[in-house]
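Written out below as structure tokens is the structure these notes cover.
The values are calculated or read from the model by the stated rules, or taken from the named source; none is laboratory data. Everything numeric here is computed off the predicted structure, so don't read it as measured data. Here Cβ is always computed from backbone atoms with ideal geometry, including for glycine, and neighbour counts include all displayed protein chains.
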Amino acid sequence: MTKKLLVFGGSGHAKDVIAAARVMGYERFGIVTTDGTSHIEGLSAVAEADFKPDQYADWDCIAAIGNNDHRKRFYEQYAAKINFVSIISKEASISESATIGPGTYIGAFAYIGPDAVVGDACIVNTHSIVGHDAKISDFTHVGPRVCLSGHVELGKNVFIGAGASFNNGSYDAPLCVPDGVHIGMGCQITESIRHQNVRLIPKPNYILMQR
């Protein structure tokens, strides 16, 4: 039976997801974007206004969109109608006791440690490390080469830029990042962040700004 994958999104991140899905054995792909534009060679897109979910009842699905808000919107709007699945690169290393929610993408050479939890519709990008007992909540995007040490907990809708690193927490005191926080590329986080929806950017020192 042909494995079929419906992909919401038609840009760069969707290319990564489709490449991993091909290795997983998917052979047929459908693309849905807001305006019907696809940047993926050989795959045209259907505009969302023309999309009919009932025609894809036997397809697997993922929202392959880097923007957290857009990915969340597609997931919440269609999760009850289509079977969302996780796409996990064959080159990723996933511990047996780790948990990964539906609609999540795990990139090549990523590591998910023992008892780590990755929520729904998340992104853990290439070469990133999610240490033991870490938690990534729904709709969060972890960029390439991020290092989350053990007992780090990320809230919902968090964005972590490439190369950021996090000190380890503990069972009694995890290092926590609240919902909606944006952490820029290369930041070093040594303690919990107190407030939601803040932006942390190295310029070259770390400047905390309310978004």
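Quick look at the numbers
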read-out: Residue 115 under 13 Å from the mean Cα position of the chain (by Cα) and not basic (Lys, Arg); value: no
read-out: Test for residue 110: is it at pLDDT 95 or above, within 27 Å of residue 130 (Cβ to Cβ) and touching a Leu at 6+ places or on another chain (Cβ under 7 Å); value: no
read-out: Close pairs from the stretch 113-133: first among the aliphatic types (A, V, I, L, M), partner surrounded by 21 or more Cβ atoms within 10 Å (Cβ to Cβ) and in a loop (DSSP other than H, G, I, E, B), Cβ under 6 Å, at least 6 apart; value: 116/134; 118/104; 121/103; 121/139; 124/110; 130/116
read-out: Strands (runs of 3 or more DSSP E) contained in the stretch 129-211 and holding at least 2 residues at pLDDT below 95; value: 198-202, 206-210
read-out: Qualifying residue in the stretch 90-103 (condition: in contact (Cβ under 8 Å) with a residue 40 or more places away in the chain and touching a strand residue (DSSP E or B) at 6+ places or on another chain (Cβ under 8 Å)); value: yes
read-out: Output for the stretch 34-52, where each listed residue is surrounded by 14 or more Cβ atoms within 10 Å (Cβ to Cβ) and among the β-branched types (Val, Ile, Thr); value: 34, 40, 46
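Let's see how each residue does on (1) on the phi > 0 side of the Ramachandran plot; (2) of a type outside the set (A, V, I, L, M); (3) assigned by TED's automatic domain parsing to the domain that holds residue 76:
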residue: 98; (1), (2), (3): no, no, no
residue: 101; (1), (2), (3): no, yes, no
residue: 106; (1), (2), (3): no, no, no
residue: 127; (1), (2), (3): yes, yes, no
residue: 132; (1), (2), (3): no, yes, no
residue: 136; (1), (2), (3): no, no, no
residue: 143; (1), (2), (3): no, yes, no
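This table checks each residue for (1) surrounded by fewer than 19 Cβ atoms within 10 Å (Cβ to Cβ); (2) in contact with a Pro (Cβ under 7 Å, 6 or more places away or on another chain); (3) without any contact (Cβ under 8 Å) to a residue 40 or more places away in the chain.
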site	(1), (2), (3)
5	no, no, no
14	no, no, no
21	no, no, no
24	yes, no, no
28	yes, no, yes
54	yes, no, yes
61	no, no, no
65	no, no, no
